[in-house]
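Q: Below is one structure. I have some questions about it.
The values are calculated or read from the model by the stated rules, or taken from the named source; none is laboratory data. Every value quoted in this text rests on a predicted model; they were computed, and no experiment measured them. Methodologically, a virtual Cβ is constructed for each residue, glycine included, from the backbone with ideal geometry; neighbour enumeration extends over all protein chains shown. These area figures cover heavy atoms from the full protein model, side chains too; ligands, DNA and RNA do not enter into them. Shrake-Rupley method; radii C 1.70, N 1.55, O 1.52, S 1.80 Å.
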Amino acid sequence: MFLSNLSSSSLYRLFWLVIILVALLPTGLVSYLLLDKVVQQSREQVLTSLSHRVDLQSEILERELSIQLNSFEQLSQLSDVRLTPTSAVFGYQAGVQLKEFTTQSPLASASYILDRDNWPVEVYPITAERVQLQLITSRVEPFLQQVEQDQILKPLIFNVNSPAMVSALSGNDLTASIDNGWVMVMVLPLVQETQHGSTKFKVVGSLVTLEPYQFFSQILEKWQSNNGGLLLLEQDIKLYSTGLIKENKTDSNIISWDAQIKLADKTFLLRITEPSEGLKAIVFEDLWRLSLIVGSVLLLISCISLLVTRLVGQQIAKLTSQVKAFSQGDYQYRVSGLRFAEFLQVSAVLEQLSKKVITDQAQLEAKVEQRTTALSQANAELNSTLTALTETQSRLIQSEKMASLGQLVAGVAHELNTPLGICVTATGSLEEVERSLNSMVSSGTLRKSELMSQLQTLTDATDLIGRNVRRSSDLVSMFKELSLEHGDEDEGLTQFELKSFLQQLANLRLNSQDSAGVDIQVSGDEIFVQTYMSTLRKILSVLFANARDHAFKNQASRGLKPKVELSCRRTDGLVELCFLDNGSGVDIEPIARIFEPFYTSNRYQGSVGLGLHLAYNLVAQRLQGDIEAENLQQGGLKLSLNFPLQLEPLTQPSSKVLEANWSNASAIKKIDL
């Protein structure tokens, strides 16, 4: 309501105010960012100085400790020191070397050579004999046992809190006057080499040095400022502290910086602190200087914005009136009184657009009519083409079904032709024998030898007919099972662990006569699957029979022991089951032909060529998966079965099964291929 009652001059003032605010907002944001940046830089200057001191101090202390540890390790390698725990002859020279190490080290206060029973053999200085070493030896003994067990030389560094020990090392008998009772203990094993089996050395003693932390002040305190403090920690344990200490992490009056010091397997934390008054003074001075600059800039921007918005607002108002007129269809409206070239260009562009809009409207209507007609024609052509493609697809599918069925019938006829032909031939022989016997009986010329010969012929022919009739019967039974409808209809889905199933199947094969001499190995992941167990067992039986009759038939001549590997793994909701043999492989291209019905390389040895075709159909139709073959570079064949991890029961035949029933034979339960 308030805005609707404003006059045009009031709207201009509101517009100017908005422009000024838009100009001030970026300035205020930049000022805020600059203020924050100044504070950060001031703090970073102080922290950079502090971090430099901490890093430098930590490097010096770490270098001093590392030099001392290296000297300590060199001392432990000297033969006099290593032999002293077992022979006093070397004690004097070892004591001299122990004294030299202790006096040259800026941190070591006492050094010991201990025998295997942790009794001091050599000590420097003599006053160190007053130190009670039970706190130390209780940790040294397990360390030496571990070193001798692992046969790895390494140092042991630990800290003990014993004011009495520090008092004895400093020559002060008043234990209560000791402010810092923490002592760093360095231990190195003393060993002698042995030649007994796998043991390379024997631990005969240890080398120990004591370094009270209160003596570290000569290194640490020279880097401490007058108002600051210094703290040395190990896992929140204060080993050394002096000056201003930050007890509470949230204390904003003290700033601190930490650095790590690593020595062997120990990590120490060095912390240097400073009062925050100096930082506050620096930040306040920088903020005051920046505030003066920002205030001046804001005042200047406000004045310039007020002037610019007044001029620009008037020009924009005129252009707005022109746009409003064009939007209402008044394309002849013209604007006068524009001062700036940019606004004049905008007005000219608007006039050109108004002319182009009129022209484009007429052209657009014509194009819409043309394209509507073209789309109608194209739509009719597409519908006609789609109908033709659908009919062609149906004819191709039917043709493929009939061709596959014809191939299957031809294969059946071919397989039955041989035994039935033999039966026909044998029947002809029986008829010939019958006529011969009738003739000889009628003429009375039948002799015993002739009768026996004819009877033998009858027996041979009868046996030949019986064998070929049985073979024809077996073939008919096989072909009856080429339909899934004669499969294991009552078999239900079973949940089982696949690797255990494969191992059980392998054990049964190893104990059977068919797989005698074949090495069967099972590997892979433990996978629980839901599928048809008997179908999977039938598939693997076919693969074993195929490997026996084809892959391993020339294995003896190659000098290789027959070997089969079964492996399984899970991949993206599927199970990959691999059957590998080290046989002769397959020498046909493409290799997928081995899954075609009636393909076999052992036809003259009685094989029919339906085994792998059976496996293919069972995997595709029963397990709803696929099977692939691949020759291995090192020799042999790899058959990969991929099927769902959790198979869902089919309530009705799927389209995949229906199509496969036309083009592929299904299965036989057991056949020597």
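Q: Looking at (1) at pLDDT below 75; (2) touching a helix residue (DSSP H, G or I) at 6+ places or on another chain (Cβ under 8 Å); (3) open to solvent by less than 80 Å² (accessible area, probe 1.4 Å), which one does residue 505 not meet, given that it meets all the others?
A: Of everything listed in (1) at pLDDT below 75; (2) touching a helix residue (DSSP H, G or I) at 6+ places or on another chain (Cβ under 8 Å); (3) open to solvent by less than 80 Å² (accessible area, probe 1.4 Å), residue 505 misses just condition (1).
Q: Follow-up question, since we're still on this one. Where residues in the range 134-169 are touching a Pro at 6+ places or on another chain (Cβ under 7 Å) and open to solvent by 10 Å² or more (accessible area, probe 1.4 Å), which of them is nearest to residue 264 (Cα to Cα)? Break it down into steps so the answer makes sense when it comes.
A: First, the residues of the range 134-169 that are touching a Pro at 6+ places or on another chain (Cβ under 7 Å): 144, 147, 153, 166, 169.
From what is left, the residues that are open to solvent by 10 Å² or more (accessible area, probe 1.4 Å) are 153, 169.
Details: 153: 12, 169: 25 Å.
This residue is 153.
Q: Only residues in the range 55-76 that are without any contact (Cβ under 8 Å) to a residue 12 or more places away in the chain count as the first member; pair them with residues that are crowded, with 16+ Cβ neighbours inside 10 Å, Cβ under 9 angstrom, at least 6 apart or cross-chain, and list the lot.
A: 59/259; 59/261; 67/105; 74/101
Q: Does the range 121-133 hold any residues that are open to solvent by 30 Å² or more (accessible area, probe 1.4 Å), under 25 Å from residue 100 (Cβ atoms) and touching a residue at least 12 places away in the same chain (Cβ under 8 Å), and which are they? Write out each step before concluding.
A: In the first step, residues of the range 121-133 are kept if they are open to solvent by 30 Å² or more (accessible area, probe 1.4 Å); the result is 121-122, 124-127, 129-130, 132.
Narrowing further to those that are under 25 Å from residue 100 (Cβ atoms): 121-122, 124-127, 129-130.
Hits for the range 121-133 are 121, 122, 124, 125, 127, 130.
Q: Let me ask you something else. Starting from residues that are open to solvent by less than 90 Å² (accessible area, probe 1.4 Å) and within 59 Å of the chain's Cα centre (by Cα), keep the ones in the range 353-373 and report whichever is farthest from residue 326 (Cα to Cα).
A: 373
Q: Can you tell me how many residues within the range 105-164 are of a type in the set (Phe, Trp, Tyr) and not in a strand (DSSP E or B)?
A: Taking the range 105-164 and keeping what is of a type in the set (Phe, Trp, Tyr), we get 112, 119, 124, 143, 158.
Those still in the list that are not in a strand (DSSP E or B) too: 119, 143.
Result for the range 105-164: 2.
Q: Evaluate the range 294-313: report whether one residue or more is modelled with pLDDT of 70 or more, over 30 Å from residue 101 (Cα atoms) and buried (at least 19 other Cβ atoms within 10 Å of the Cβ).
A: There is no residue in the range 294-313 that is modelled with pLDDT of 70 or more, over 30 Å from residue 101 (Cα atoms) and buried (at least 19 other Cβ atoms within 10 Å of the Cβ).
Q: Can you pull out the residues in the range 479-493 that are open to solvent by less than 50 Å² (accessible area, probe 1.4 Å) and at pLDDT 55 or above? If you could, list the steps in order and put the result at the bottom.
A: Applying the first criterion (open to solvent by less than 50 Å² (accessible area, probe 1.4 Å)) to the range 479-493 yields 479, 482-484, 487-488, 491-492.
Matches in the range 479-493: 479, 491, 492.
Q: When the range 252-286 is examined, which residues are found to be at pLDDT below 70 and open to solvent by 50 Å² or more (accessible area, probe 1.4 Å)? I'd like the intermediate steps shown before the answer.
A: Here is the first cut: in the range 252-286, the residues at pLDDT below 70 are 252-253, 276-286.
The answer is 252, 253, 277, 280, 281, 282, 284, 285.
Q: On to the next question. Name, by its number, the condition in (1) at pLDDT below 85; (2) farther than 25 Å from residue 417 by Cβ that does not hold for residue 525.
A: Exception for residue 525: condition (1).
Q: I'm checking my understanding of the structure. Among residues of the range 120-142 that are at pLDDT 85 or above and in contact with a Gly (Cβ under 9 Å, 6 or more places away or on another chain), which one is farthest from residue 206 (Cα to Cα)?
A: The qualifying residue farthest from residue 206 (Cα to Cα) is 124.
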